[in-house]
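Below is one structure, written out as C-alpha cells, with a few remarks after it.
Each reported figure results from applying straightforward, stated rules to the coordinates on display, with no laboratory input. Keep in mind that what you see is a predicted model, and the values were worked out from it rather than measured. When we count neighbours, we look across all protein chains shown, and the Cβ atoms used for this are built from the backbone with ideal geometry, even at glycine.
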Amino acid sequence: MEDLDRKFKKAFELASAMTEKLPPDIMLQFYSYYKHATTNDSMVIPSGNDRIRNAFKLNAYFQIANISADEAKIEYIKLVEKYTGEKIS
C-alpha cells in the first residue's frame, strides 16, 4: 500500500495546485473521496458555516461511504488524472 499512498499524496499535490475552476458536482467528488480516504472516523462533520454547502458535502460523502479508504484513494487519483490530464505513476 505504500505505492498507493505515494500516488495519493502526489494526486493531492496536483489537485491542490489546480487553478481551473471545476463544477460544484466535481468538487464534491474530490471532497468526498479525499475525506473518505483520510478520515479514520466514521463520523464526518463537514467544515464551514454554510449549512447548505455542508449538506451537499455530507450527501456526497454518504454516497461513497460504502467503499474502503483504499478504494477512495484510487478513485481520487483517477479524478485527479482526469481533470489534470496527468498520469500519476
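See the values below:
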{"quantity": "Whole-angstrom Cα spans of the stretch 1-43 along principal axes, big to small", "calculated": "30, 26, 10"}
{"quantity": "Where labels lie 7 Å past Cα in the beta-carbon direction, separation of Leu4 and Ser16 in nm", "calculated": "2.2"}
{"quantity": "Degrees, to the nearest 10: 51-64 long Cα axis against longest axis of the chain", "calculated": "50"}
{"quantity": "The chain - mean residue ellipticity at 222 nm from DSSP helices (-39,500 (n - 2.57) per run, n ≥ 4, rounded to 500)", "calculated": "-22500 deg cm²/dmol"}
{"quantity": "Nearest 10 degrees, 0 to 90: helix 24-38 Cα axis against the chain principal axis", "calculated": "80"}
{"quantity": "Mean separation of Cα contacts under 8 Å, 6 or more apart, over the residue count of the chain: relative contact order %", "calculated": "46"}
{"quantity": "The chain: angle of helix 69-84 to the longest principal axis, Cα-based, in degrees nearest 10", "calculated": "70"}
{"quantity": "Cα principal axis extents for the chain, largest first, Å", "calculated": "37, 29, 17"}
